[in-house]
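For reference, the structure is listed below as C-alpha cells.
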C-alpha cells in the first residue's frame, strides 16, 4: 500500500507543468520597477518648495504692464465722481490699490526672491515691486520660510541671527530702502546670543559703517548714551552694535553664566605695549578687546542683563622682586629689585597674573576682594 502511494506521488510530480518564469499578459520587463520597500515615488522627487525663482522671472514680473490705479471713484458713465476722493480714508485707498493690481495679476506666476534681494532694491524697482506685491514672496536668509508682501508692508514678525539682520539693514540703508529699514527695525528679532558671542562682538569696530549702526539707534537712546547731538564715534561702533541688539529685543542665552569682569589699569599714563582691555567671561574665557569704551560697554552689558563688574588696578605683582605700580603723577613704573623704570607692560603682566592666580597679591585686593576671588574661582574651575 505504501509503495503504491509513493509511486502515485512520483507520477503526479512528473506530469505537472514546470514553474513558468513568463510574465502575465500585458506586462513588460521594462515596465516593472523594483522599488525600495516603504519608499513611494513621491519621495524620490526633489523637494523644491524652498527654492527661489530665477532672476529672469522677477524681471518678467516687473515688466508686466499694469493699468494705473485711480483713487477717485468713477460714475456709471466712466467719469470721476465729484468729491469722490474725499469719501475714502488713506487706508481704504491703499487697500483698493492693492486689490486693483492683484486683480490684474491673477494669472501671473508668483515669484519667490531672497530677502537680501528685496532689501537691496532701489526706488524704481521697489515701487514696481510694491504694485505687484500680491505675487511676491520673500525668503528667510537661513530657513525655509517666506514673508508675504501686502502693498508696502511685509507681514509678520520673524527671528534671525543678528549678523543677518545687520547685513540686511546695511543693504537697505545703502539703497535708501525705507520699507526694508522699517521692517527690520520693527518686525525682526535677533536670535539669542551667548555671553561669549556678546563679548566677541565688541572686537568689531570696523565691520559696519558708522552711519548704519547709528541709524538703528533711536534719537533718545543716542542722547542718553553718547550725549545730546553727539555722533557715534568709529571706536564705539562695536559697543553701539551690541546696544542695537538689545534695543531690537535681543536676549542672552538663559543657560549661560551672566557674569563679566573687566580688568583695567586705573591710569593709562606710562603704559607700554598694546592697550587692549581684559574681559573675563563667566565661562572662564579671557578676552583682550581692543579700543574698548569701558563705561559704554558696562552700560550696554548691564542693559542686556549681564552682571558686569570692573577691577581697576594700581599695583600688579609680577614675581617676588618685581612689580608694576602707579606712582606720582599717575604714571606707571616697573620695579625690579632696586631698579625703577618708567612704563609698564600692563596687558602682558595682568594676563600672566590671572593665569598664575597671583592677582590676589596686588595692593588692590582689599578693594576688589570679592571680584578677584570670583575671577580666580572661574578661571581655576
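Bear in mind that the values in this text are calculations on the coordinates, not laboratory data. On a predicted model such as this, the values are computed, not experimentally measured, just so you know. Cβ placement follows ideal geometry from the backbone for every residue including glycine, while neighbour counts extend to all protein chains displayed.
More than 15 angstrom separation, counting every C-alpha pair in the range 198-291; what % is that?
Tail of P(r) above 15 Å: 67 percent of Cα pairs.
Out of every Cα pair in the range 272-374, what percent are spaced more than 24 Å from each other?
Numbers: 1315 of 5253 pairs.
In whole percent, the long-distance tail amounts to 25.
In nanometres, what is the gap between the two model label sites at residue 381 and residue 224, each 7 Å from Cα along Cα-to-Cβ?
3.1 nm
Compute the semi-axes of the equivalent ellipsoid of the range 195-379, taking the square root of 5 times each eigenvalue of the Cα gyration tensor, and list them largest first in whole Å.
Semi-axis lengths for the range 195-379 are 32, 19, 13 Å.
Does a label point 7 Å from the Cα of residue 303, set along Cα-to-beta-carbon, have any residues of the range 187-226 with amide nitrogen under 14 Å, and which are they?
Answer for this model: 213-226.
Rounded, prolate or oblate, given the Cα gyration tensor of the range 342-381, with a/c below 1.5 counting as rounded?
oblate
How far apart, in nm, are the 7 Å Cα→Cβ label points at residue 104 and residue 269?
Label-label distance for residue 104 and residue 269, simple model: 7.4 nm.
Using 0.36 nm times the number of residues separating residue 60 and residue 370, minus their current alpha carbon distance, what extension gain do you get? Present the calculation step by step, with values, prior to reporting the outcome.
Values: separation 310, 0.36 × 310 = 111.60 nm, distance 6.73 nm.
The residue 60-residue 370 span can extend by a further 104.9 nm.
Could you give the length gained by full extension between residue 231 and residue 128, i.e. 0.36 nm per residue of separation minus their alpha carbon distance, to one decimal place?
33.5 nm
Taking N as the number of residues in the range 155-242, what is its alpha-carbon radius of gyration divided by 2.2 N^0.38 Å?
Working: Rg = 13.1 Å, N = 88, 2.2 N^0.38 = 12.1 Å.
It is 1.09.
Where in the range 291-307 does the amide nitrogen come within less than 19 Å of the point 7 Å from the Cα of residue 159, taken along Cα to Cβ?
Only 304-306 pass the distance filter.
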